[in-house]
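Worksheet: the structure to be examined is printed underneath.
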Amino acid sequence: MLLSAVGLLAVSCAEIKTSQCRQIVEITRNIADKAQVLSNSGQTQDPQQVLQVADAFEEAAQEMKAIPLQDEQLVEYQSGYAQLYLGYSQATRHFIAALGEKEIEVLKQSQQELQRLGQKERQLGNAINDYCQQP
């Protein structure tokens with residue numbers, strides 16, 4: 001009897017983890033799709049469109065923070081993505097402002113920050129994928 005209860009609890013916990021993983025992944029996919037569309041796959045030269053991408057990252061950060069999570073590791077990933085998206089938003093805004101003011105040094109710094117964030121996003125994505133695939 002106790003063994004059955006423990007088995008059911010393990011299945012229930014796994015289902016919760018899977019559901020929470022899906023919620024995080026859904027937001028990451030949605031913002032990736034939205035950024036692609038708004039930026040015309042990164043080809044836009046319209047500063048207003050780029051600022052819309054920054055707005056979308058801020059919205060994604062808020063959506064990410066709003067997911068109620070129970071799993072401590074997923075909470076860490078959630079926080080990482082929220083910080084990442086806010087970083088993208090801020091670096092994008094700095095880039096556009098520097099572009100308008102023709103501040104070459106700030107442009108370079110913003111580009112470097114965006115590249116660093118991209119690398120961090122890949123690492124975070126790999127980590128959460130590995131974690132969510134574990135039983």
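Values in this text are rule-based calculations from the coordinates and carry no lab data. Please read all numbers here as calculations on a predicted model, not as lab measurements. Every residue, glycine among them, receives a Cβ derived from its backbone with ideal geometry; neighbour counts consider all protein chains shown.
For the chain, what does the helix formula give at 222 nm: sum of -39500 (n - 2.57) over DSSP H segments with n ≥ 4, over the residue count, nearest 500 deg cm²/dmol?
-31000 deg cm²/dmol
Hand me the trypsin sites (Lys or Arg not before Pro) from region 19-119 located in a DSSP loop with no more than 10 other Cβ atoms within 10 Å, in residue order please.
Loop-located and lightly packed - Lys102.
Enumerate lysine pairs in region 17-133 that are 8 or more residues apart or on different chains, then count those whose Cα atoms are under 24 Å apart.
6
Please give the helix 72-101 orientation as an angle from the longest Cα principal axis of the chain, in degrees from 0 to 90, rounded to the nearest 10.
10
Please determine, in degrees from 0 to 90 and to the nearest 10, the orientation of helix 2-38 with respect to the longest principal axis defined by the Cα atoms of the chain, where the helix direction is its Cα long axis.
10
What number in nm² do you get for the chain if you take the convex hull of its Cα atoms and divide its surface by four?
If I average the Cα hull's projected area over directions, I get 8.5 nm².
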